[in-house]
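Asks: Please read through the structure below; I'll follow up with questions.
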Amino acid sequence: MSVVRREQSLLFESSVGGLATGLAQFYKSEPSAWVGWPGIPLSRIDDKEKRAIRERLMKESCHPVFLTGYEVDHFYHGFANRTIWPLFHYFPLHTVYNKVFWQVYENVNEKFADAVAGLVRPGDKIWIHDYHLLLLPELIRRRKPEAAIGFFLHIPFPSYELFRLLPWREAILRGLLGADLVGFHTESYGRHFIESASRILGVQAGPGRIRIGPRTVKVGAFPMGIHFERFSSASSDPRVRREVEKIEKRCVGRKIILSVDRLDYSKGIPQRLEAYELFLEKHPAWREKVTLIMIAVPSRVSVPTYAQLKKSVDESVGRINGRFGTIGWVPIWYHYRALPFESLASHYRAADVCLVTPLRDGMNLIAKEYLASRDAGDGVLVLSEMAGSAAELGGSILVNPNNVEEMAEAVKEALSLNPAEQVRRNEPMRRLIESHTVVRWARDFLAALVEARNGQRVL
């Protein structure tokens with residue numbers, strides 16, 4: 001849950017994003033507490049409002065860690081999203097190495113450690129999420145040596161050759177190794193982590209484990225799932241059906257290609273647009289017979305790299321529409337905004353093809369949501385080899401997102417697949433997504449954490 005100010009009032013809204021949305025179902029079903037930043041800096045609230053926020057969030061089993069605007073700028077916008085995010089997504093030229101960012105990142109992780117330590121009781125399991133809190137496992141271990149601590153990274157862990165560029169690499173590895181279990185979406189990310197720990201820290205390591213002092217840290221792959229039923233049953237919602245009809249009516253006689261992303265340089269949006277332009281250029285018979293609906297969700301608008309990306313995307317969309325558009329046809333419908341669930345589900349249902357072509361992605365749940373929404377088993381997923389979900393979704397048309405020509409031909413192939421072939425490809429993937437839900441993912445991780453912690457006690 002996040003707190004936002006609207007004039008003189010504070011509003012409490014459900015948090016957005018893959019992690020918050022994905023864990024909401026599990027978190028509500030188990031006795032648990034959620035510790036996090038509430039989304040509003042201390043400079044925007046007074047002491048009375050701070051108390052009110054704490055009391056309101058605690059009713060939802062949420063415990064706020066309040067941060068100043070300075071901390072948000074340097075910890076979140078700074079080290080997390082200008083250092084860790086680009087480097088871990090294989091964009092070293094976008095990576096900023098700033099000592100002040102690092103110092104504030106350390107201080108904020110200490111704040112979280114104090115907050116968690118104040119809540120933990122014997123027998124509790126602590127599950128830490130993502131790149132904002134890479135130091136937290138070790139910090140909690142110092143305060144609670146007997147605690148069961150798990151960490152899950154939702155973004156890629158880069159190869160040793162990239163990770164070693166980080167000036168604070170030893171501290172980050174030691175931070176993560178405070179956990180009993182470190183989880184990733186794919187086995188390859190885990191192997192990168194083990195290699196980095198072995199080569200940088202000189203620790204003993206083997207498949208799925210790292211020995212540090214008297215402790216053995218387990219390392220595992222836990223591919224995150226989605227709330228399958230929510231997407232598969234969306235077609236029964238009258239609002240979804242009405243919007244699907246509206247989209248199909250506007251695109252009558254045309255195939256619909258869907259693209260949904262946060263506006264982030266890791267998502268490969270400029271390359272995807274270039275591929276679509278090349279497809280229209282090389283296959284003129286498809287002009288006026290296809291529409292690309294591109295939904296770009298605003299993201300980190302205060303970071304200069306993202307502002308530059310938006311300008312580039314805006315210009316590319318304008319160029320393609322200007323070059324190929326006719327009086328009755330706009331090649332790209334471009335929506336720069338987030339969509340509510342019903343509208344997103346409607347677009348999944350209406351789309352004949354979904355393009356998911358990130359340059360690098362930890363998992364990418366859009367691919368799974370699209371397949372879950374196709375209850376007839378039809379539709380075609382074009383998926384980047386660089387997405388973590390590619391390891392599970394082999395029935396999709398896999399592409400190298402840096403190969404524009406290959407992507408252009410994949411679009412043509414996807415539009416030309418007959419319905420029987422679509423079902424043949426999709427049904428095994430849908431069965432996997434249906435059985436490996438986000439709740440199963442959470443329970444599997446926590447069960448592995450208990451096993452890892454019990455293993456420490458018998459050493």
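Asks: Can you tell me which residues in the range 426-459 are polar (S, T, N, Q) and without any contact (Cβ under 8 Å) to a residue 60 or more places away in the chain? Write out each step before concluding.
Replies: Looking only at the range 426-459, we keep the residues that are polar (S, T, N, Q), and these are 426, 435, 437, 454, 456.
Passing the criteria: ASN426, SER435, ASN454.
This table checks each residue for (1) over 30 Å from HIS74 (Cβ atoms); (2) touching a His at 6+ places or on another chain (Cβ under 7 Å).
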site	(1), (2)
LYS267	no, no
TRP286	yes, no
LEU292	yes, no
VAL303	no, yes
GLY325	yes, no
TYR334	yes, no
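Asks: Would you confirm whether or not the range 401-414 contains a residue that is outside any helix (DSSP H, G or I) and touching a Leu at 6+ places or on another chain (Cβ under 9 Å)? Walk me through it before giving the result.
Replies: At the first step, the residues of the range 401-414 found to be outside any helix (DSSP H, G or I) are 401-403.
Narrowing further to those that are touching a Leu at 6+ places or on another chain (Cβ under 9 Å): 401-402.
Looking through the range 401-414, at least one residue is outside any helix (DSSP H, G or I) and touching a Leu at 6+ places or on another chain (Cβ under 9 Å).
Asks: Something else now. Can you tell me which residues in the range 218-243 are crowded, with 17+ Cβ neighbours inside 10 Å and either of a type in the set (A, V, I, L, M, F, W, C) or more than 22 Å from ARG443 (Cβ to Cβ) (or both)?
Replies: VAL219, PHE222, MET224, ILE226, PHE228, PHE231, ALA234, SER235, VAL240, GLU243
Asks: Would you mind finding the one in LEU165, LEU258 that is of a type outside the set (D, E, K, R), under 24 Å from the mean Cα position of the chain (by Cα) and surrounded by fewer than 22 Cβ atoms within 10 Å (Cβ to Cβ)? Break it down into steps so the answer makes sense when it comes.
Replies: Values: LEU258 fails: surrounded by fewer than 22 Cβ atoms within 10 Å (Cβ to Cβ).
Going through LEU165, LEU258 in turn, just one is of a type outside the set (D, E, K, R), under 24 Å from the mean Cα position of the chain (by Cα) and surrounded by fewer than 22 Cβ atoms within 10 Å (Cβ to Cβ): LEU165.
Asks: Oh, and also: Tell me which of these ARG239 doesn't satisfy, since it passes every other one: (1) in contact (Cβ under 8 Å) with a residue 60 or more places away in the chain; (2) charged (D, E, K, R); (3) farther than 20 Å from LEU381 by Cβ; (4) not in a helix (DSSP H, G or I).
Replies: (4)
Asks: Any idea which of (1) touching a helix residue (DSSP H, G or I) at 6+ places or on another chain (Cβ under 9 Å); (2) at negative phi; (3) in contact (Cβ under 8 Å) with a residue 60 or more places away in the chain is the one ASP130 doesn't satisfy?
Replies: Evaluating ASP130 over (1) touching a helix residue (DSSP H, G or I) at 6+ places or on another chain (Cβ under 9 Å); (2) at negative phi; (3) in contact (Cβ under 8 Å) with a residue 60 or more places away in the chain leaves (2) as the failure.
Asks: Taking the range 424-437 on its own, how many of its residues are closer than 30 Å to ALA285 by Cα and surrounded by 16 or more Cβ atoms within 10 Å (Cβ to Cβ)?
Replies: At the first step, the residues of the range 424-437 found to be closer than 30 Å to ALA285 by Cα are 424-426.
Cutting the leftovers down to surrounded by 16 or more Cβ atoms within 10 Å (Cβ to Cβ) gives us 425-426.
Summing the residues that are closer than 30 Å to ALA285 by Cα and surrounded by 16 or more Cβ atoms within 10 Å (Cβ to Cβ) in the range 424-437 gives 2.
Asks: May I pose another question? State all residues of the range 240-251 that are under 27 Å from the mean Cα position of the chain (by Cα) and farther than 19 Å from THR291 by Cβ; if no residue qualifies, say none.
Replies: Selection gives VAL240 alone.
Asks: Determine which member of the set TYR76, TYR90, TYR160, TYR105 is surrounded by fewer than 22 Cβ atoms within 10 Å (Cβ to Cβ), of a type outside the set (Asp, Glu) and closer than 30 Å to VAL4 by Cα.
Replies: Details: TYR90 fails: closer than 30 Å to VAL4 by Cα; TYR160 fails: closer than 30 Å to VAL4 by Cα; TYR105 fails: surrounded by fewer than 22 Cβ atoms within 10 Å (Cβ to Cβ).
When all the criteria are applied, what remains is TYR76.
Asks: Please state which one of ARG191, ARG121, ARG199 is on the phi < 0 side of the Ramachandran plot, of a type in the set (Lys, Arg) and under 25 Å from the mean Cα position of the chain (by Cα). Give the steps one after another, and end with the answer.
Replies: On the way: ARG121 fails: under 25 Å from the mean Cα position of the chain (by Cα); ARG199 fails: under 25 Å from the mean Cα position of the chain (by Cα).
None of the other options fit; the residue is ARG191.
Asks: Name the one entry in VAL382, VAL423 that is touching a residue at least 12 places away in the same chain (Cβ under 8 Å) and either outside any helix (DSSP H, G or I) or in the same structural domain as HIS89 (by TED's automatic domain parsing) (or both). So that I can check it myself, show each step before the final result.
Replies: Numbers: VAL423 fails: either outside any helix (DSSP H, G or I) or in the same structural domain as HIS89 (by TED's automatic domain parsing) (or both).
So the residue among VAL382, VAL423 that is touching a residue at least 12 places away in the same chain (Cβ under 8 Å) and either outside any helix (DSSP H, G or I) or in the same structural domain as HIS89 (by TED's automatic domain parsing) (or both) is VAL382.
Asks: Looking at (1) in contact (Cβ under 8 Å) with a residue 12 or more places away in the chain; (2) surrounded by fewer than 19 Cβ atoms within 10 Å (Cβ to Cβ); (3) not in a loop (DSSP other than H, G, I, E, B), can you tell me which one TYR97 breaks?
Replies: Looking at each condition in turn, TYR97 falls short on (3).
Asks: Okay, moving on. Among (1) assigned by TED's automatic domain parsing to the domain that holds ARG121; (2) over 30 Å from GLU385 (Cα atoms), where does MET58 come up short?
Replies: Result: MET58 passes all but (1).
Asks: Turning to a different aspect of this structure: Within the range 138-161, restricting attention to residues that are part of a loop (DSSP other than H, G, I, E, B) and in contact with a Leu (Cβ under 7 Å, 6 or more places away or on another chain), which residue is farthest from HIS89 (Cα to Cα)? Please lay out each step first, then the result.
Replies: Just the residues of the range 138-161 that are part of a loop (DSSP other than H, G, I, E, B), to begin with: 144-147, 153-159.
Imposing the further condition that a residue be in contact with a Leu (Cβ under 7 Å, 6 or more places away or on another chain) reduces the set to 154, 158.
Working: HIS154: 11, PRO158: 7 Å.
Out of the qualifying residues, it is HIS154.
Asks: When only residues in the range 201-210 that are in a strand (DSSP E or B) and buried (at least 16 other Cβ atoms within 10 Å of the Cβ) count, which is modelled with the highest pLDDT? Steps first, please.
Replies: Narrowing the range 201-210 to residues in a strand (DSSP E or B): 204-206, 209-210.
Filter again for buried (at least 16 other Cβ atoms within 10 Å of the Cβ), leaving 205, 210.
On the way: ALA205: 94, ILE210: 97.
Residue satisfying both the conditions and the ranking: ILE210.
The values are calculated or read from the model by the stated rules, or taken from the named source; none is laboratory data. This one's a predicted model, so the numbers in the text were calculated from it and none came from an experiment. We place every Cβ from the backbone using ideal geometry, glycine too, and count neighbours over all the protein chains shown.
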